[in-house]
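All of the numbers you see were taken from the coordinates with simple rules; none came from a lab. Computed from a predicted structure; not experimentally measured.
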Amino acid sequence: MDKTVPFPMPRHRPECEVVILRPLEHPRQDMPLVAHAFADRSQREAEDMLCAILEGIADWLDLLQQGLAAGNHGMIGKPARRIALVAGQIGLTDVAIAADHVVQCATRGDRHALAATIGRLERAFDIAVTKVWDFRDP
């Protein structure tokens, strides 16, 4: 028994324009704050500290995804605020800004905006991790 459901093709509407949004090519980070972490510690200590911080942010991002999947906006605010605080302290500006926007979307209860903003936060975090590790390499 075939359980496929036909999906109607959208009609072409010439009055509609498709706009492609592209993320920033140069994400905002405050590299002097990252450099400060390396200046006061040995290379190994700085890397261990940054790894712990980035792992913590990754864990909080997982909590955001769990809250989104459960439809529980109440469990999203606290980890998003933590991400914003920690990311701001180590110079991950785009991550901090996106996390603040996640808090705003969760407060409003807009699940579609929340899903999109959490996605933006995750992309900003991925880019930031790469930038931090590129920065530390001699």
If you go through segment 115-135, how many residues are within 16 Å of ALA69 (Cα to Cα) and of a type outside the set (A, V, I, L, M)? 3
Going by the structure shown, is ALA70 closer than 13 Å to ILE118 by Cα and not aromatic (Phe, Trp, Tyr)? no
